[in-house]
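The values are calculated or read from the model by the stated rules, or taken from the named source; none is laboratory data. This is a predicted model, so every value here is computed, not measured. Because the Cβ atoms are built from the backbone with ideal geometry, glycine has one as well, and the counts that use them run over all protein chains shown. These area figures cover heavy atoms from the full protein model, side chains too; ligands, DNA and RNA do not enter into them. Shrake-Rupley method; radii C 1.70, N 1.55, O 1.52, S 1.80 Å.
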Amino acid sequence: RWGQAVTPAERIRYTLNAYEIARTTWPSVDKMCLWVFRYPAPTNSYPDGYTLVTTDFDYKPLYFALQDYSHGGNP
């Protein structure tokens with residue numbers, strides 16, 4: 001495993017900050033897409049950290065943070 005990966009809390013903060021920067025800096029942007037929702041099988045490597053749910057469809061903390069943010073929650 002890569003030793004310099006961010007923690008789940010840092011990932012939430014960085015992701016929500018990116019959405020907030022886009023919202024405040026680029027008002028012409030209506031939609032943004034965050035990839036990847038889920039891989040079909042574990043990669044057992046860093047890409048697993050980019051998903052919103054596990055391969056068993058268990059929600060990760062970022063999923064709930066994005067859900068809250070999309071409903072007007074603070075980043």
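Of note:
- Residue within region 32-39 that is part of a helix (DSSP H, G or I) and either among the β-branched types (V, I, T) or open to solvent by 90 Å² or more (accessible area, probe 1.4 Å) (or both) present: no
- Count of region 42-75 residues which are open to solvent by less than 60 Å² (accessible area, probe 1.4 Å), part of a loop (DSSP other than H, G, I, E, B) and farther than 20 Å from A5 by Cβ: 1
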